[in-house]
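Quick note: the coordinates plus some simple rules give every number you see, no bench work behind them. Here the structure is a predicted model, which is why all the values come from computation and not from measurement. Backbone-built Cβ (ideal geometry, glycine too); neighbour counts: all protein chains shown.
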Amino acid sequence: MKAYPASVHSLKGKHVLVTGGAGFIGSNLTEALLSIGASVTVLDNYATGLKANIDRLSNYDGFRFIEADICQPTQYRAILKEVDVISHQAALGSVPRSIEFPLNTHEVNATGFLTILHEAKEAGVKRFVYASSSSVYGDSLASPKSEGDEGNALSPYAVTKQLNEHYAAVYHRLHQMETIGLRYFNVFGPHQNPEGVYAAAIPRFLDKMLNGGEIIVNGDGEQTRDFTFVQNAVLANLLSLSTDHIDAFGKVYNVACGRSLTLNEVIAALENGLIKIGKTVSHQLTYGPNRVGDIRDSLASTELIEKNIGYQALYTFEEGVQAYLNQAFND
Ligand SMILES: NC(=O)c1ccc[n+]([C@@H]2O[C@H](COP(=O)([O-])OP(=O)(O)OC[C@H]3O[C@@H](n4cnc5c(N)ncnc54)[C@H](O)[C@@H]3O)[C@@H](O)[C@H]2O)c1
């Protein structure tokens, strides 16, 4: 793993609450925080997170887990009085899930968000970093997309993330909370769950490549995304949790690599990566219909987060794929 910038080491000795820490991004972030000497309490209800992620982290000193639902403040109110800063990652991901179960997604992602934001304010926790999403750009045709280019939302999931951004901005204005929203663009990496109908593309593809089976690509595979290795998202969180730059607060930032890749290019890169480390690749590739709620192209400008928070992507896409496969196969 590459080293984080020296400034994030100011988190050493701090008590950080990571919601959604049994999940993909949250567990990678928790591990990074523990490795730089922070104490971390993970709050998760295992809705989509994995116990294996908690077991893996429980070997670290300074790690604590509370099984709780962000929508149920009595389950975690006491712990908020003890924490210095919060990274809120808990949510129900997946655009298709939100189209099928909009009320469920709204309850967790919107009501749950406001619940924990308000509880944090009541407990006197000022710094509240949270996961937003590139989905807030909706049908915007801008490319690359900069903060301010938001279009119409294309799914209930996107609406919940837009709401998060509005509520965070209001709590910043009303209560001077140090909110920072991170709009992740297609994050991938170790501990991303390949299972289930709502699984993200890259772990699903890798699973099929290694175990045989059908990879179904929605559309012609020429849609583009700014695929972002998880350590870049971790870095954005560490910088946001530790920054003392006054202009950073009350805002939202793109978190990405700044490079556009088609799904077909990603599939080829994964195949080559696996073959390079001696794996046999066996799968069938099928092209299906476009998915409702999906955007055609998505590329981020990272200018604002570079300026206000000092972010520079740690890993290119290729470096991310290599690090992912090396870690997955214990190289
Ligand atoms: N992975 C991506 O590419 C991506 C892109 C954009 C935004 N995001 C956002 O980043 C965050 C983390 O995503 P991820 O990919 O790690 O997802 P994930 O599903 O792996 O992790 C989410 C975690 O939140 C927990 N959770 C869900 N509902 C909860 C509740 N009511 N109370 C407590 N915990 C709850 C789940 O159990 C899970 O551990 C989410 O907010 C997601 O919307 C992710």
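At a 10 Å Cβ-Cβ cut-off, how would you order 88, 9, 245, fewest neighbours first?
Working: 88 26, 9 14, 245 11.
Result, fewest neighbours first: 245, 9, 88.
Once a ≥ b ≥ c are taken as the square roots of the eigenvalues of the Cα gyration tensor of the stretch 28-184, is the result rounded (a/c under 1.5), prolate (a/b larger than b/c) or oblate (a/b not larger than b/c)?
Numbers: a/c = 1.65, a/b = 1.45, b/c = 1.14.
It comes out prolate by the Cα gyration axes.
Let's test the formula: R0 of 30 Å, r as the Cβ-Cβ distance of residue 146 and residue 245. What FRET efficiency results, to the nearest 0.05? Numbers along the way, then the final one.
On the way: r = 19 Å, r/R0 = 0.63.
The computed FRET efficiency comes out at 0.95.
For Cα pairs less than 8 Å apart in space and 6+ apart in sequence, what is the mean separation divided by the residue count of the chain, i.e. the relative contact order in percent? It would help to have the intermediate numbers written out before the result.
Details: 680 pairs, mean separation 59.1, N = 331.
Relative CO of the chain lands at 18 percent.
Under 21 Å between alpha carbons, and skipping anything fewer than 8 positions from residue 208 in its own chain: which lysines qualify?
List returned: 276, 279.
As a test, work out the antiparallel percent of DSSP beta bridges whose residues both lie in the chain, rounded to the nearest 5. Write down the numbers at each step before the final one.
On the way: 2 of 41 bridges.
Given both bridge residues lie in the chain, the antiparallel proportion sits at roughly 5 percent.
Tell me whether the stretch 46-135 comes out rounded, prolate or oblate; compute the Cα gyration tensor, take square roots of the eigenvalues as a ≥ b ≥ c, and use a/c under 1.5 as the rounded threshold. Numbers along the way, then the final one.
Values: a/c = 1.89, a/b = 1.24, b/c = 1.53.
Judged from the Cα gyration tensor, the stretch 46-135 comes out oblate (a/c at least 1.5, b/c at or above a/b).
Taking 21 Å as the cut-off for C-alpha to C-alpha distance, list the pairs among 2/251; 81/121; 2/126; 121/307 that go past it.
Values: 2/251 27 Å; 81/121 10 Å; 2/126 30 Å; 121/307 27 Å.
The pairs that break the limit, which is 21 Å between Cα atoms, are 2/251; 2/126; 121/307.
Going by how many other beta carbons lie within 10 Å of each one, how would you line up 71, 257, fewest first? Spell out each step's value before the answer.
Values: 71 16, 257 24.
Arranged by neighbour count, lowest to highest, 71, 257 become 71, 257.
Just from its helices, what would the mean residue ellipticity at 222 nm be for the chain, if runs of 4 or more DSSP H residues each count -39500 (n - 2.57) and the sum is divided by every residue, rounded to the nearest 500 deg cm²/dmol? Before the final figure, lay out the partial values.
Values: 12 runs with 123 residues, N = 331.
Estimated from H runs of four or more residues: -11000 deg cm²/dmol.
Please find, in a Gaussian network model of the chain (springs between Cα atoms separated by less than 10 Å), the residue of 230, 252, 217 whose mean-square fluctuation is greatest.
217
Quick one: net charge of residue 234's neighbours, Cβ under 13 Å, K/R +1, D/E -1?
Details: positive: 2; negative: 31.
Around residue 234, the surrounding residues sum to 0.
Taking the Cα centroid of the stretch 242-279 and of the stretch 45-116, what is the distance between the two, rounded to the nearest whole Å?
24
Along the charge dipole of the stretch 143-275, which of 224, 239, 275 sits closest to the positive end, that is, farthest toward it, with unit charges on the beta carbon of Lys, Arg, Asp and Glu (+1, +1, -1, -1)?
239
Would you please name the GluC sites (Glu not before Pro) within the stretch 239-331 that are DSSP coil residues with at most 14 other C-beta atoms within 10 Å of their C-beta?
Loop-located and lightly packed - none at all.
Rank-order 19-29, 181-191 by packing density, defined as the average count of other C-beta atoms within 10 Å over each peptide's residues, highest first.
Values: 19-29: 27.1, 181-191: 23.1.
In descending order of packing, they fall as 19-29, 181-191.
Which of rounded, prolate or oblate describes the stretch 270-330 when judged by the alpha-carbon gyration tensor and an a/c cut-off of 1.5?
Numbers: a/c = 3.84, a/b = 1.26, b/c = 3.06.
Oblate, since a/c reaches 1.5 and b/c is not below a/b.
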